[in-house]
Amino acid sequence: MILYTPLSESDIYPTEQKDYDKCQTVNYQGRMVQVEKQDDGSFRILQLLSTDPNDYLDNSFTPGEII
Amino acid sequence: MADKDPGKQDQNDDQKTQSSLVQKIQQLGQSSVPTAPDSNIHVLSIIGQVEGHVQLPPQNKTTKYEHLIPQIVAVEQNPKIEGLIIILNTVGGDVEAGLALSEMLASLSKPTVSIVLGGGHSIGVPIAVSASYSYIAPSATMTIHPIRLTGLVIGVPQTFEYLDKMQERVIQFVTSHSNIEEKKFKELMFEKGNLTRDIGTNVIGTDAVKYGLIDGVGGVKEAIKKLNELIDNNKQEGKMIQ
């Protein structure tokens, strides 16, 4: 399908609210982490938000970890 | 009997660590990394789009300025942190969020070093130059182009004035925090024929240094070395004041 319109793609196909809701920023063990809700209700770490380089060496904050 | 028990315990522990290691490898395809003592250098990574007043759909990789600003404040406030390294690989984003980050970084009393890896485009340029010293990887690029507006645009001359003023803020910040001349920066910004279908210039690593936009070509090694040097200078100055 080819669209020929001055509207942006996001105006034509708006992102669903549930896609926004899936991603959350939470405090986990005193550090901010960005998580994605899994279908089974658990959360998977997407990204660690910290400036301490040592936090990135901590296994419990590795992206992909289920919390 | 009593002698055997600790051995058994050890074995159990071994098995436990082994299984967690296997789990880690299965999950991430990598084993655990070693832990290190507290670091006096903190790191701030600015990746993907710089997200400001509007939340972008989740498929975008974004750096939210409301996350970074408290971190910058914490870095300034914590006496254990002596320096900050800023890793940039960004496609740009919200002008005001980017300028806010740049101003926060520029006003830190602690030494900062930035490294542009991959790309530090558009609003990534002021963020890169806001550090005390900036590095760019030889393969990294920075796109300098006029700012643009999305969303509802009212077709009045004032809209242009507003945009022009916004652009002036970016130009002012970059020229006052780097060695590039305003004339040269504007020339790169409004150049035609470099970018297909757009106005501007894609400045590659060594050229960015040649124009005075970035201080040096380098990577992590150079950045850490420079930061340690700046930290030492900072400490000595502190002693002299006392």
### Query
Would a scan of segment A:32-54 turn up a residue that is within 8 Å of chain B (Cβ to nearest Cβ) and loosely packed, with under 15 Cβ neighbours inside 10 Å?
yes
### Message
Can you tell me how many residues within segment B:115-143 are in contact (Cβ under 8 Å) with a residue 60 or more places away in the chain, in contact with a strand residue (DSSP E or B) (Cβ under 7 Å, 6 or more places away or on another chain) and surrounded by 17 or more Cβ atoms within 10 Å (Cβ to Cβ)?
### Response
18
#### Entry: Test result for B:Gly216, under 17 Å from the mean Cα position of the chain (by Cα) and under 27 Å from B:Ile171 (Cα atoms)
yes
### Query
Does segment B:200-210 contain any residue that is surrounded by 14 or more Cβ atoms within 10 Å (Cβ to Cβ), among the polar types (S, T, N, Q), in contact (Cβ under 8 Å) with a residue 24 or more places away in the chain and not in a helix (DSSP H, G or I)?
yes
### Query
Applying the selection to segment B:133-146, what residues are polar (S, T, N, Q) and within 13 Å of the chain's Cα centre (by Cα)?
B:Ser134
### Task
Confirm whether B:Asn234 is modelled with pLDDT under 95, touching a Ser or Thr at 6+ places or on another chain (Cβ under 8 Å) and either surrounded by 15 or more Cβ atoms within 10 Å (Cβ to Cβ) or within 23 Å of B:Glu96 (Cα to Cα) (or both).
no
### Query
Taking B:Asp94, is it in contact with a helix residue (DSSP H, G or I) (Cβ under 9 Å, 6 or more places away or on another chain), assigned by TED's automatic domain parsing to the domain that holds B:Val220 and more than 24 Å from B:Glu229 (Cα to Cα)?
yes
### Query
Restricting attention to segment B:91-100, and to residues there that are in contact with a strand residue (DSSP E or B) (Cβ under 7 Å, 6 or more places away or on another chain) and within 22 Å of B:Glu168 (Cβ to Cβ), which single residue is surrounded by the most Cβ atoms within 10 Å (Cβ to Cβ)?
B:Gly98
### Message
Looking only at strands (runs of 3 or more DSSP E) that lie completely in segment B:104-164, which have at least 2 residues being under 12 Å from B:Gly92 (Cα atoms)?
### Response
B:112-120, B:141-144
### Query
Just checking, how many residues over segment B:55-103 are more than 11 Å from every other protein chain (Cβ to nearest Cβ), β-branched (Val, Ile, Thr) and either more than 26 Å from B:Gly219 (Cα to Cα) or assigned to a strand (DSSP E or B) (or both)?
3
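The values are calculated or read from the model by the stated rules, or taken from the named source; none is laboratory data. Please read these numbers as outputs of a predicted model, since none were measured by experiment. Heads up, the Cβs are rebuilt from the backbone with ideal geometry, glycines too, and the neighbour counts pull from every protein chain shown.
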